[in-house]
Amino acid sequence: MKRIFVTKKSQGYVLILTVLVIAAASLTITLGLSKLLLDQLILQTSQADGLKALALAETCAEDGLERLRNNWQDYNYILSINGNSCTINIVTDDFQAQLISTGSSGDYTKRINVTIDRAIEVVSWQQM
């Protein structure tokens, strides 16, 4: 009958191997959680930029309506708000006006098309 002897040297190798496996598993879990948190942060930033672009486009559309209320004529201008900008383009005729408002924030751009009659009533309001 053979006897198997475990020496201190082989016990050391087993211990090192166990520590390496545990360290690799911990590193894998940590990297996975870090990636998940980073993806969530990017998504939240993107949503915030999209909402900011929409708010800018709406603000500029309202500004364009006010300008039409004061003076029924064509306009084309850029409005700057807190480091962000929006573009307003208004084309009028005798009966109605077309207002195009474009707001940009980060990589996001939102556009609003508004049709207004001569009484400054909104006929249509479309977000693009």
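The values are calculated or read from the model by the stated rules, or taken from the named source; none is laboratory data. Nothing here was measured: the structure is a model prediction, and the numbers come from that model. With ideal geometry, Cβ positions are generated from the backbone for all residues, glycine too; neighbour counts draw on all protein chains shown.
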Please enumerate the residues belonging to the stretch 108-128 that are touching a residue at least 60 places away in the same chain (Cβ under 8 Å) and either surrounded by 15 or more Cβ atoms within 10 Å (Cβ to Cβ) or charged (D, E, K, R) (or both). Y108, K110
Got a sec? Which of L43, L17 is within 31 Å of the chain's Cα centre (by Cα) and surrounded by fewer than 16 Cβ atoms within 10 Å (Cβ to Cβ)? L43
Of the residues N84, N113, N70, which is touching a helix residue (DSSP H, G or I) at 6+ places or on another chain (Cβ under 7 Å) and not acidic (D, E)? N84
Scan the stretch 42-59 residue by residue and report those that are hydroxyl-bearing (S, T, Y) and either under 18 Å from N113 (Cβ atoms) or not in a helix (DSSP H, G or I) (or both). T59
Checking I90 against (1) touching a Lys or Arg at 6+ places or on another chain (Cβ under 8 Å); (2) part of a helix (DSSP H, G or I); (3) of a type outside the set (G, A, S): exactly one of these is not met. Which one? (2)
Residues within the stretch 78-103 that are over 23 Å from A119 (Cβ atoms) and either exposed (fewer than 10 other Cβ atoms within 10 Å of the Cβ) or in contact with an Asp or Glu (Cβ under 9 Å, 6 or more places away or on another chain) (or both), tallied: 6
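Condition check ((1) at pLDDT below 85; (2) among the aliphatic types (A, V, I, L, M); (3) within 20 Å of Q126 (Cα to Cα); (4) touching a Pro at 6+ places or on another chain (Cβ under 8 Å)) across all residues:
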site: R3; (1), (2), (3), (4): yes, no, no, no
site: G12; (1), (2), (3), (4): yes, no, no, no
site: T18; (1), (2), (3), (4): no, no, no, no
site: A25; (1), (2), (3), (4): no, yes, no, no
site: L36; (1), (2), (3), (4): no, yes, no, no
site: I42; (1), (2), (3), (4): yes, yes, no, no
site: S80; (1), (2), (3), (4): no, no, no, no
site: C86; (1), (2), (3), (4): no, no, yes, no
site: T92; (1), (2), (3), (4): no, no, yes, no
Could you tell me whether the stretch 68-84 includes any residue that is in a helix (DSSP H, G or I), within 22 Å of the chain's Cα centre (by Cα) and aliphatic (A, V, I, L, M)? no
